[in-house]
1. How many residues are of a type in the set (Ser, Thr, Tyr), more than 6 Å from the ligand (Cβ to nearest atom) and either more than 16 Å from residue 72 (Cα to Cα) or part of a helix (DSSP H, G or I) (or both) if we restrict to region 188-216?
2. For region 193-212, state whether one or more residues are open to solvent by 40 Å² or more (accessible area, probe 1.4 Å), of a type in the set (S, T, N, Q) and either within 28 Å of residue 39 (Cβ to Cβ) or at pLDDT below 95 (or both).
3. Do you know which residues across region 126-158 are assigned to a loop (DSSP other than H, G, I, E, B) and either more than 13 Å from the ligand (Cβ to nearest atom) or modelled with pLDDT of 95 or more (or both)?
4. Sort out which residues of region 50-65 are assigned to a helix (DSSP H, G or I) and either open to solvent by less than 20 Å² (accessible area, probe 1.4 Å) or not hydroxyl-bearing (Ser, Thr, Tyr) (or both), and write them in order of number.
5. Farther than 28 Å from residue 131 by Cα, more than 16 Å from the ligand (Cβ to nearest atom) and touching a Lys or Arg at 6+ places or on another chain (Cβ under 7 Å): which single residue out of 66, 9 fits that description?
6. Only one of these conditions is not met by residue 76: (1) more than 17 Å from residue 207 (Cα to Cα); (2) in a helix (DSSP H, G or I); (3) within 16 Å of the ligand (Cβ to nearest atom). Which number is it?
7. If residue 47 satisfies every condition in (1) of a type in the set (Phe, Trp, Tyr); (2) over 13 Å from the mean Cα position of the chain (by Cα); (3) crowded, with 22+ Cβ neighbours inside 10 Å but one, which is the exception?
Amino acid sequence: MRAVEQRITSAAERARRKRSDITLVAVSKKFSSCRIREAYGVGLRDFGENYVQEFSAKSKELMDLTGARFHLIGHLQSNKARVACELFQVVQTVDSPKLLERLNTHAAERAIILEIFLEVKLSGEQSKTGAAPEDIPALLDAARDCPSVHVSGLMTMPPWSEDPELSRPYFKALARLAEQNGLRELSMGMSNDLEVAIEEGATTVRVGTALFGKRPKPEEAHSFDQAI
Ligand SMILES: *Cc1c(COP(=O)(O)O)cnc(C)c1O
């Protein structure tokens, strides 16, 4: 954690930005609730999870972590919107009007305002989810009829590459799109490219490997849990 904190602080200084304007989301997918508890113990408060089902099991063991905020950063199917609303304080992967409306309905039922990010697909990769940049204005229009969701900003995930500089054009594009649409928050940057993301204006970085180490493979997950 100290190494990641140092990287964020140095990048913020270089970019003449305040550290307090950047939220570190610790990406805990595939790690046990014990590891989340440990990370909470050293001061982390924001956690990112990719799978509703996986987190549904882990969350039962984390009810006592006051002030912790859980972000859904993996794709959400609209039939899981109700559960997502119960488990997460922030949903970073909204990419369709249908999902927006479902989340709004379930947030209203729970009498909460759910914080969301619109996920934008900036690369041509078939495997990636997210709305096209040109669909963002329509999604924001739809959000105006959804009083129980609050759109904070945009989220993106560039194609993975060893070279963090290759992420820069995607981060620049996301920042520009947010500005054009009057949105403040930018969720971008992961373990290998968080510095570049911060230089380009990230207000939320999502960091897994650099905090928790390499993720256990599914078949190793069990022994991993026992080791704790
Ligand atoms: C897994 C994941 C991360 C974290 O990736 P690392 O390279 O381990 O830091 C960030 N964002 C999303 C959307 C992810 O799925």
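1. As a first pass, look at region 188-216 and keep what is of a type in the set (Ser, Thr, Tyr): 191, 203-204, 209.
Now drop any that are not more than 6 Å from the ligand (Cβ to nearest atom), which leaves 203-204.
Those still in the list that are either more than 16 Å from residue 72 (Cα to Cα) or part of a helix (DSSP H, G or I) (or both) too: 203.
So the count comes out to 1.
2. Looking for residues that are open to solvent by 40 Å² or more (accessible area, probe 1.4 Å), of a type in the set (S, T, N, Q) and either within 28 Å of residue 39 (Cβ to Cβ) or at pLDDT below 95 (or both), one finds at least one in region 193-212, hence yes.
3. First pass over region 126-158, keeping only residues assigned to a loop (DSSP other than H, G, I, E, B): 126-130, 132, 145-148, 157-158.
Within region 126-158, 126, 130, 132, 145, 146, 147, 148, 157, 158 qualify.
4. Filtering region 50-65 for residues assigned to a helix (DSSP H, G or I) gives 52-59.
Within region 50-65, 52, 53, 54, 55, 57, 58, 59 meet the criteria.
5. Details: 66 fails: touching a Lys or Arg at 6+ places or on another chain (Cβ under 7 Å).
The conditions single out 9.
6. (2)
7. Here residue 47 clears every test but (2).
Yes/no per residue for (1) under 21 Å from residue 185 (Cβ atoms); (2) in contact with a strand residue (DSSP E or B) (Cβ under 9 Å, 6 or more places away or on another chain); (3) among the acidic types (Asp, Glu):
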| residue | (1), (2), (3) |
| --- | --- |
| 2 | no, no, no |
| 6 | no, no, no |
| 19 | yes, no, no |
| 53 | no, no, no |
| 62 | no, yes, no |
| 77 | no, no, no |
| 85 | yes, yes, no |
| 96 | yes, yes, no |
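The values are calculated or read from the model by the stated rules, or taken from the named source; none is laboratory data. Note that the structure is predicted; figures quoted are calculated from it, not measured. Neighbour counts run over all protein chains shown; Cβ positions are idealised from the backbone, glycine included. With ligands, DNA and RNA removed, areas are computed over all heavy atoms of the protein, side chains included. Shrake-Rupley method; radii C 1.70, N 1.55, O 1.52, S 1.80 Å.
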